[in-house]
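These notes concern the structure reproduced below.
The values are calculated or read from the model by the stated rules, or taken from the named source; none is laboratory data. Just so it is clear, the structure is predicted and the values come from calculations on it, not from any experiment. Reconstructed Cβ throughout: ideal geometry from the backbone, glycine too, with neighbour counts over all protein chains shown.
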Amino acid sequence: MKVLIPTPLRSYTGEREVEASGATMGELLADLDRRFPGLRFRVIDEQDRMRAHMRFFINGEQVFDLERKLKPTDDIQIVQALSGG
Amino acid sequence: MAHSIRKPAARKQSASGRAGPRRRTVLLVATRKGAWLFHGDAARKTWRADGPHFLGHVISHVVLDPRDERTLLAAAKTGHLGPTVFRSADLGRTWKEAAQPPAFVKAADGEKGRSVDHTFWLTPAHANEPGVWYAGTSPQGLFRSEDGGVTWAPFSTINDDPTYREWMGTVQDGTPDGPKLHSIIIDPRDPKHLYFAMSGGGVHESLDGGMTWRTLLKGLDVVEGFGFDASKPTFHDPHCVRMCPSNPDRIYQQNHCGIYRLDRPSDTWMRIGKAMPKKVGDIGFPLVVHPRNADVAWMFPMDGTQVWPRTSPEGKPAVYVTRNGGKTWHRLDAGMPRTQAWWTVKRQAMTGDAADPVGLYFGTTSGELWMSRDEGKKWAPLARHLPEIYAVEAAELR
């Protein structure tokens, strides 16, 4: 499925948009981390919590759960939230 | 750059001890918006700025591995992304991210685990342990790498020890940008003899390579002096602890409550800051020790009265030096602004080099980098208009 990558993570992907797969958000992030090592820890902490200033959307709907199921046709957006100056 | 090119003067040896062969100093400056390297010439008169590295990243510490004089580690995060460590094997020409940055162990189901907000402190291990590094984090955690900073693992038992967790307190109990484990010190005579400090959480020592630890709190005043139990690490806030390279049995500490000295094997700290002028006080964050004379140390006083501005008292910045182990202190402010300079210098943002005479350097939260080539007698700005400076290290190169 298509994943839109925010600018802070493009040093990993090199692209604004990448393809990744997984039946859940957690699996999708694991797939991204396999292909772009280190990416997952920058957005998900060691307790599997989404980091405070990163947001995840599926087809425009914000999600907070790594167990959230995905369909192959879903579009994923990873977004940097406001975090001060 | 404020320094002009002049023919270096013939090298003199100071009364404070011998320096080794002439070496080149590189300042490693970590800021809230990136890192800079300032390469000095042999006379420390001209400096070449190399940076920014990691523009926009919050860099807490940049440290050179003195065992190879090539490897740099940088503790980084951004406003959005989680923490990591970058590593350069070529003195900053290229950088590569750690494959496994410092991270706490995942908590068991139903328990609330901690996550590293940022790596705060980096220390190369003993000279006989090439590639080994220690890291201190916020919130307080102790980590070790055995492959030059590529992979990191929790070190010792303190990260998850219930007693230590109680002493560490919560994020609310720490400094404004998070409680920190810092001042990781390795005894140059024994790689198993370690110290670290926590803000808050006191000073701790291990004699067995981190298997077991004991507190070093005797003689220290407690925060606010409200009659808290001084034997509890919770009530202690060491800001910066330094071991004297010329005498590893002597340790200085800049603490929330003042300046202290510890001469081992004693385990009782002596308050040496009371000899500071009362109007100035002995509150501050950084502390620098002389590389060859354990009686000499420098501190940067800040206002710790009322609401704790933590700026230069009365807007008149100065470094203070003791040349007798803290019996007396002398003001060193030649070249600094005489008034209306409300500087704050963080605990990692003041350092010295190993030259003779010692070069001293500090960076302010207002982005000014200052230096003295003569152990503090005269000061001059080295760089201005940098972002908020978090750390300054002086690395020595052949």
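Does B:Arg24 satisfy being under 20 Å from the mean Cα position of the chain (by Cα) and either of a type outside the set (S, T, N, Q) or more than 14 Å from chain A (Cβ to nearest Cβ) (or both)? If you could, list the steps in order and put the result at the bottom.
Values: under 20 Å from the mean Cα position of the chain (by Cα): no; either of a type outside the set (S, T, N, Q) or more than 14 Å from chain A (Cβ to nearest Cβ) (or both): yes.
Taking the combined requirement at face value, the residue does not satisfy it.
Can you tell me how many residues within the stretch B:92-123 are touching a strand residue (DSSP E or B) at 6+ places or on another chain (Cβ under 7 Å), facing chain A (nearest Cβ under 9 Å), within 24 Å of B:Tyr390 (Cα to Cα) and among the small types (Gly, Ala, Ser)?
1
Just to check your reading of the model, which residue among B:Ala127, B:Ala135 is among the aliphatic types (A, V, I, L, M), touching a residue at least 40 places away in the same chain (Cβ under 8 Å) and exposed (fewer than 15 other Cβ atoms within 10 Å of the Cβ)?
Among B:Ala127, B:Ala135, only B:Ala127 is among the aliphatic types (A, V, I, L, M), touching a residue at least 40 places away in the same chain (Cβ under 8 Å) and exposed (fewer than 15 other Cβ atoms within 10 Å of the Cβ).
Kindly establish whether B:Arg114 is more than 25 Å from B:Met243 (Cβ to Cβ) and not β-branched (Val, Ile, Thr).
For B:Arg114, the condition - more than 25 Å from B:Met243 (Cβ to Cβ) and not β-branched (Val, Ile, Thr) - is met.
Here are the criteria: (1) under 19 Å from B:Gly284 (Cα atoms); (2) more than 15 Å from the chain's Cα centre (by Cα). Tell me which single one B:Arg384 does not satisfy.
Here B:Arg384 clears every test but (1).
What pairs come up if the first residue lies in the stretch B:373-397 and is under 19 Å from B:Ala42 (Cα atoms) and among the aromatic types (Phe, Trp, Tyr), the second is modelled with pLDDT of 95 or more and surrounded by fewer than 23 Cβ atoms within 10 Å (Cβ to Cβ), and their beta carbons are under 8 Å apart, counting only those six or more places apart or on different chains?
B:Trp379/B:Leu332; B:Trp379/B:Asp333; B:Trp379/B:Ala334; B:Trp379/B:Gly335; B:Trp379/B:Met336
Restricting to the stretch B:198-221, name every residue that is touching a Cys at 6+ places or on another chain (Cβ under 8 Å) and either farther than 22 Å from B:Gly258 by Cα or surrounded by 20 or more Cβ atoms within 10 Å (Cβ to Cβ) (or both).
Result: B:Leu220, single match.
Since B:Leu55 meets every condition but one in (1) in contact with a Phe, Trp or Tyr (Cβ under 8 Å, 6 or more places away or on another chain); (2) modelled with pLDDT of 95 or more, which condition does it not meet?
Only one criterion in (1) in contact with a Phe, Trp or Tyr (Cβ under 8 Å, 6 or more places away or on another chain); (2) modelled with pLDDT of 95 or more is unmet by B:Leu55, namely (1).
Go through the stretch B:222-241 and report how many residues are surrounded by fewer than 20 Cβ atoms within 10 Å (Cβ to Cβ) and out of contact with any helix residue (DSSP H, G or I) (no Cβ under 8 Å at 6 or more places or on another chain).
6
Filter the stretch B:168-198 down to the residues that are modelled with pLDDT under 95 and hydroxyl-bearing (Ser, Thr, Tyr) and list them by number.
Answer for the stretch B:168-198, where residues must be modelled with pLDDT under 95 and hydroxyl-bearing (Ser, Thr, Tyr): B:Thr170, B:Thr175.
Mind listing just one residue for me: the one in the stretch B:307-328 that is touching a Gly at 6+ places or on another chain (Cβ under 8 Å) and under 25 Å from B:Ile251 (Cα atoms) and, of those, surrounded by the most Cβ atoms within 10 Å (Cβ to Cβ)?
Per the criteria, the residue is B:Val319.
Residues A:Leu28, A:Leu82, A:Leu70: which one is under 10 Å from the mean Cα position of the chain (by Cα) and among the hydrophobic types (A, V, I, L, M, F, W, C)?
The unique qualifying residue is A:Leu28.
Conditions (1) within 12 Å of the chain's Cα centre (by Cα); (2) farther than 25 Å from B:Phe54 by Cβ; (3) within 10 Å of chain B (Cβ to nearest Cβ), marked per residue:
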| position | (1), (2), (3) |
| --- | --- |
| A:Glu15 | no, no, no |
| A:Gly22 | yes, yes, no |
| A:Pro37 | no, no, yes |
| A:Phe41 | yes, no, yes |
| A:Asp45 | no, no, yes |
| A:Gln77 | yes, yes, no |
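Inspect all residues belonging to the stretch B:48-69 and state whether any of them is at the interface with chain A (Cβ under 8 Å from one of its Cβ atoms) and part of a strand (DSSP E or B).
Scanning the stretch B:48-69 turns up no residue that is at the interface with chain A (Cβ under 8 Å from one of its Cβ atoms) and part of a strand (DSSP E or B).
Please go through the stretch A:47-66 and pick out each residue that is surrounded by fewer than 16 Cβ atoms within 10 Å (Cβ to Cβ), within 13 Å of chain B (Cβ to nearest Cβ) and of a type outside the set (A, V, I, L, M, F, W, C).
A:Gln47, A:Asp48, A:Arg49
Tell me which residues, restricted to the stretch B:231-248, are in contact with a strand residue (DSSP E or B) (Cβ under 6 Å, 6 or more places away or on another chain), assigned to a strand (DSSP E or B) and farther than 14 Å from B:Met299 by Cβ.
Of everything in the stretch B:231-248, those that are in contact with a strand residue (DSSP E or B) (Cβ under 6 Å, 6 or more places away or on another chain), assigned to a strand (DSSP E or B) and farther than 14 Å from B:Met299 by Cβ turn out to be B:Met243, B:Cys244, B:Pro248.
Inside the stretch B:162-182, can you point out the residues that are in a strand (DSSP E or B) and among the aliphatic types (A, V, I, L, M)?
Within the stretch B:162-182, just B:Leu181 meets the criteria.
Which of the residues spanning the stretch B:87-117 are within 24 Å of B:Leu64 (Cβ to Cβ), out of contact with any helix residue (DSSP H, G or I) (no Cβ under 8 Å at 6 or more places or on another chain) and not hydrophobic (A, V, I, L, M, F, W, C)?
B:Arg87, B:Ser88, B:Asp90, B:Gly92, B:Arg93, B:Thr94, B:Lys96, B:Glu97, B:Gln100, B:Pro102
Tell me yes or no: at least one residue of the stretch A:7-14 is loosely packed, with under 13 Cβ neighbours inside 10 Å and of a type in the set (Ser, Thr, Tyr).
Yes, some residue in the stretch A:7-14 is loosely packed, with under 13 Cβ neighbours inside 10 Å and of a type in the set (Ser, Thr, Tyr).
Please go through the stretch A:47-63 and give me each residue that is more than 17 Å from B:Thr78 (Cβ to Cβ) and more than 11 Å from the chain's Cα centre (by Cα), ordered by number.
Within the stretch A:47-63, A:Gln47, A:Asp48, A:Arg49, A:Asn59, A:Gly60, A:Glu61, A:Gln62 qualify.
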